[in-house]
There are 2 protein chains.
Amino acid sequence: MLPEPVKNFIEIFAALPSIGRRQATRLVFKLINSGRAKIEEMEKAVRDLKQLEICSRCFFIHSNKSDLCSICQSQNRNHNIIAIVEKEIDLISIERTKKFNGRYLVLGELAKTGELESAQKLRLNHLKDWIKKQFGKAEEIIIATNPTTYGDINASMIAKELLPYTKKITRLGRGIPTGGEIEFADEETLGSALDRRK
Amino acid sequence: MLPEPVKNFIEIFAALPSIGRRQATRLVFKLINSGRAKIEEMEKAVRDLKQLEICSRCFFIHSNKSDLCSICQSQNRNHNIIAIVEKEIDLISIERTKKFNGRYLVLGELAKTGELESAQKLRLNHLKDWIKKQFGKAEEIIIATNPTTYGDINASMIAKELLPYTKKITRLGRGIPTGGEIEFADEETLGSALDRRK
């Protein structure tokens, strides 16, 4: 009963993370009813993603003429301090705090096996080579994986790999999130908050 | 910090109903990381929506060679029974029940003012003319607006308009939804369920 283009759109959008069939169906009719210009606008938005390049140093995306992203090519940043993140969106979240002025390494989502995929090993090796050539040793490496059990396992593994290449290895501080309540904090979090009191 | 194509994609997707900025950001990186072929697949899915036509009789969408949708051109349906729906997705929901074998009129979302927009008046007039020419009077018109206060106001208004063109005007039955519990039904619903007991 549904025309092929509608079915196809729903199929593809429903396969995206956190969009279900119902939302995809609502979307397609919303789009159809907003007219040809809106459809073309979205078509272009999707098409233009093909212009994106991956930074040859940190593996974040960019659309610069050079092969470096805007962070890696910036002279105002301290390239001697490196934050290792899993996802691009983690990098963005850290950038939003405006508290970090170093560079990044985007590693890609880590498996729950505690082992790195070969592409991830390549990225880490790339970082090691770069540090060795640039500074001998980095000032600091922040391993910004999620504070979960798996994140912790992965973090120790990465730390072991990078230890010879940096003067200091750190992880993000843990404690009660701003706006959170002591009553509802789990023991682990509350314990960390006590340890790190100041 | 974000490349233009990424910003643009997020902007456009975040403007869609029930997709926020965070989800749009997650989407864009998901898409970028799934590679060029996936991006092209989605580009095509959006582009192909431009092939859709609107049925000249019921205003549902189609991609047929004729100017009628698959329902309106079907000889297996009873075109003398007409369901008036607001949205395409309402039509789809009714089709899924496989309990309706008539045709539809898609009116477009009704305003909360209890007045029809001019495009909606045109659609209703189009239906009146068609009924007059085809049958004199329709067998039945089902006004399938939502069972809300606004839906009710709109339904009475539409009913008044169509009364001269049909032998019978009905609305969808009300009662306790399947799987619902009496304890949690509001009085209005429970009252309807009693009235319509059988």
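When the helices of chain B are scored as -39500 (n - 2.57) per DSSP H run of n ≥ 4 and the total is divided over every residue, the value at 222 nm lands at -13500 deg cm²/dmol. Neighbour counts of C-beta atoms inside 10 Å place A:133, A:87 in the sequence A:133, A:87, starting with the fewest. For segment B:1-54, trypsin sites (Lys or Arg not before Pro) meeting the loop criterion (DSSP other than H, G, I, E, B) and having at most 15 other Cβ atoms within 10 Å: none. Straight-line cross-link partners of residue B:168 among the lysines, defined as a Cα under 30 Å from its Cα and at least 8 positions apart when in the same chain: B:87, B:98, B:99, B:112, B:121, B:128, B:132, B:133, B:137, B:160, B:198. Over all alpha-carbon pairs of segment B:4-51, lay out the pair-distance distribution in 10 Å bins, whole %, shortest bin first. Answer for segment B:4-51: a P(r) of 26, 53, 21, 0 percent. Per the Kirkwood formula applied to alpha carbons, segment A:44-135 shows a radius of gyration over Rh ratio, Rg over Rh, of 0.97.
The local environment of residue B:14, defined by Cβ-Cβ distances under 13 Å, has a net charge of +3 under the rule Lys, Arg +1 and Asp, Glu -1. With the biggest extent put first, the Cα atoms of the protein assembly as shown measure 90, 51, 36 Å across the principal axes.
Per-residue Cβ counts within 10 Å, from other chains only, averaged over A:1-14: what number is that?
Values: counts 10, 8, 12, 4, 11, 9, 1, 5, 7, 1, 2, 6, 4, 0.
The shielding value for this peptide is 6.
Look at the alpha carbon pairs under 8 Å that are at least 6 residues apart: their mean separation over the length of segment A:53-171 gives a relative contact order of 23 percent.
How many partner chain Cβ atoms sit within 10 Å of a residue's Cβ in peptide B:64-74, on average, as a whole number?
Details: counts 1, 0, 0, 0, 0, 2, 3, 1, 0, 0, 1.
Mean partner shielding for this stretch: 1.
If R0 is taken as 56 Å, the Cβ-Cβ distance between residue B:129 and residue B:7 corresponds to a FRET efficiency of 0.70. In terms of other Cβ atoms within 10 Å, A:63, A:118 run from fewest to most in the order A:118, A:63.
Listing A:123, B:96 from fewest to most neighbouring C-beta atoms within 10 Å gives B:96, A:123. How are the C-alpha pair distances of segment B:95-139 spread across 5 Å bins, as whole percents from the shortest bin up? Computed distribution, short to long bins: 5, 18, 20, 19, 18, 17, 2. Quote the Stokes-Einstein diffusion coefficient, in whole µm² s⁻¹, for chain A, based on the Kirkwood radius over alpha carbon pairs, a temperature of 25 °C and a viscosity of 0.890 mPa s. The diffusion coefficient I find is 123 µm²/s. Within the shell defined by Cβ-Cβ distances under 13 Å, the residues around residue A:48 carry a net charge of -3, with Lys and Arg each +1 and Asp and Glu each -1. Solvent-free Debye calculation, one equal scatterer per alpha-carbon of segment A:90-198: log10 I(q)/I(0) at 0.13, 0.16, 0.20 Å⁻¹ equals -0.58, -0.85, -1.20. Here the spin labels are modelled as points 7 Å beyond Cα on the Cα-Cβ line, and at residue B:186 and residue B:40 they lie 5.2 nm apart.
Rule-based calculations on the coordinates, nothing more; no lab input. These numbers were taken from a predicted model, which means no experiment stands behind them. Because the Cβ atoms are built from the backbone with ideal geometry, glycine has one as well, and the counts that use them run over all protein chains shown.
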